[in-house]
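Inspection log for the structure reproduced underneath, given as structure tokens.
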Amino acid sequence: MISYLKSYWHLSALAIIITLLQSYLAANLPLIMIRDMVDNVFVGGNHSLLSYYLILVVVIYSITSILSFISRYLQSYVGQRAMSDIRKDLVESLQKQSFSFFDRSQTGQLVARLTGDVEAINRLYFFFLTSLFSPITTAVFSVYFLITVDIRLAFLSALSAPIILGLNYAYQKRVQPLWGKVRETWGRLNQYLQEFLVGIKVVRVFSREGYELDRFETVNNSYYSYNVEAAVARSIYSPLSDISLSLIISFIFWYGANEAVRSALTIGSLLVFSRYVSMLLQPFRNIGYFVSSYSRAVAGGSRIFSIMDTPSEVRNRDKAIILAETEGKISFENVCFSYEGGKNVLEDINLIVNEGESIAILGPTGSGKSTLVYLIPRFYDVTSGRITLDDRDVRDYTLESLRSQIGIVLQDIFLFSSSIKENIAFRRPEASMDDIVKAAKAAQAHDFITSLPKGYETMVGERGLTLSGGQRQRIAIARTLLTDPRLLILDDSTSFVDAETEASIQKALDRLLQGRTSFIITHRLSTIRRVDRLVVLDKGRISEVGTHEELLKKRGTYARIYETQFAEVEWLSVKSYEGRR
């Protein structure tokens, strides 16, 4: 946190100077309002000074109010700028993380760190300057004025400080671990709510409302319990602190009253002394609340900086070069890959894909199809072996330049809550409308887009749920095609479209795949018969490579997949064709 405030040290220093001046003036007020006014006007009978004192009080109050405004504004500005920088660095660190990081992280926990944990740090900074630093400086000036009034009473007041500090220490020991649990359960609560909102339809379909409510109650009750425990600790501390303070003030007032009776102390001095004692002990009371904010901030800060301090598993090598343009030749050389050091998902992959060649990847569920293609843009890094692009290890290129050459349509389509035009132009926001329309036409999306009331300006609902699966798929394809990539990865990208739409997309892809190296994960027969070669994966290994006809003749894994999934479809297609004749 301190490192983020260093960038604004001059503004923080100015706020501190203004706070010191404000505290000095505030510490002067009791002398004028109480001691001088009582002793000189009410006791001394010099009523002509009343107007002078009242005007002086108004002037000091006005100055302190202005200084307070400037100080709080500077504190808020510095605090919010520092928090903005923390959020920016946190998002930037998340963007640099590999897919493995998100595989093992919970979205709700990450959202909680970006919001509540950052805000907890901000509250600590603001509380320190407004509720701790300012009263402490006021207390220091109060001690000075206490000594000038009566050094004996000042000494008695100083003896009360250890009592308040002892209460603060006991409070801190109790509340700090509680706030750590509060922040952790807050993240779990966010995680549950995020899953609940995304999966609400599934919950309703399977009539699991009661089960989900029980799950929520478990997390919600934990969050409630820890907050109540912290509140109880705070509730015990506050009255104990108040009682201690009142007893101390009463004792000092009793002692001072006896001194006043003996004329060893003026009435005004006695009254002002009780005020200064309150000002002196106030920061000690506030330490308890500072401890509460500090505990929250420490718990939140540790969660935030644990992300920032986590090195990305996929990052640029030293002296990585920029890939300006690629021929598109890909080679897998003895590639193995495993998640988190577990069993290999891919084993001994050797494959050469020539420039402009189209490859279809098939295999049973869990055979490693998506993992294989995700290694090319380095969403994950190989465990052993290497992947080369144009005969150079992909790890030798900068991540940004490598991925800029690759267009990807993921199986899990995600659209942003913005217009269709902005979604298509996501990577190329500067693209002209003509280019956007051209990409949409190539993906067979133009007709349905123009049929919408606002056309390309139509706003897409959250995650694109206002559109059908096929429409989202075509917009995602258009988004990729607009980048005009040299390498293309289609991860089951026609899985949600009907046969007629698929046929239209296939015609566009036939043209667009020409001259591009492409990897297509698919279960569509129409796609399989159009590619140059098929790569069949089985249990993480390449079992067969060849054309459709070659692999059928081998009577191996592909032949079994074909007979199970495609033979009936092909027979129906032939019969349909004969019927039309």
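Quick note: the coordinates plus some simple rules give every number you see, no bench work behind them. Owing to the predicted nature of the structure, the values given are computational and were not obtained by experimental measurement. Methodologically, a virtual Cβ is constructed for each residue, glycine included, from the backbone with ideal geometry; neighbour enumeration extends over all protein chains shown.
Take the residue pairs K88/K329; K329/K369; K96/K369 and return only those whose Cα atoms are more than 28 Å apart.
With Cα atoms farther than 28 Å apart: K88/K329.
Would you mind getting me the FRET efficiency between E195 and S76? Use the beta-carbon distance for r and R0 = 51 Å, nearest 0.05.
0.90
How about segment 3-106: which trypsin sites (Lys or Arg not before Pro) there are in a DSSP loop, with at most 11 other Cβ atoms within 10 Å of their Cβ?
R104
By its C-alpha gyration tensor, with a ≥ b ≥ c as the square roots of the eigenvalues, how is segment 303-418 shaped: rounded for a/c under 1.5, else prolate for a/b larger than b/c, else oblate?
rounded
Run the reach check for K319 against aspartates and glutamates, Cα to Cα strictly under 12 Å, same-chain hits fewer than 8 apart removed. What comes back?
Filter leaves D396.
Neighbour counts of other C-beta atoms within 10 Å: give me S235, S401 arranged from fewest to most.
S235, S401
Going through segment 338-439, which GluC sites (Glu not before Pro) have at most 12 other Cβ atoms within 10 Å and a DSSP loop state?
E340, E430
Report the Stokes-Einstein translational diffusion coefficient (µm² s⁻¹, integer) for segment 399-454, Rh taken as the Kirkwood radius over Cα pairs, at 37 °C with viscosity 0.692 mPa s.
D, rounded to a whole number, is 258 µm²/s.
Kirkwood Rh, segment 298-362, all Cα pairs: how many Å?
16.1
Any lysines with Cα under 29 Å of the K454 Cα? List them, leaving off those in the same chain fewer than 8 positions away.
K201, K421, K438, K441, K507
Given points 7 Å out from each Cα along the Cα-Cβ axis, report the H47 to N258 separation in nanometres with one decimal.
Modelled inter-label distance: 3.7 nm.
Going by how many other beta carbons lie within 10 Å of each one, how would you line up R529, R474, R234, fewest first?
Ascending number of Cβ neighbours within 10 Å: R529, R234, R474.
Using a Debye calculation, one point per C-alpha and no hydration shell, please list log10 I(q)/I(0) for segment 32-90 at q = 0.20 Å⁻¹ in order.
Each listed q corresponds, in turn, to -0.76.
For K6, go through the aspartates and glutamates and keep the ones whose alpha-carbon is under 15 Å away, minus same-chain ones fewer than eight residues off.
Hits, sequence-local ones excluded: D85.
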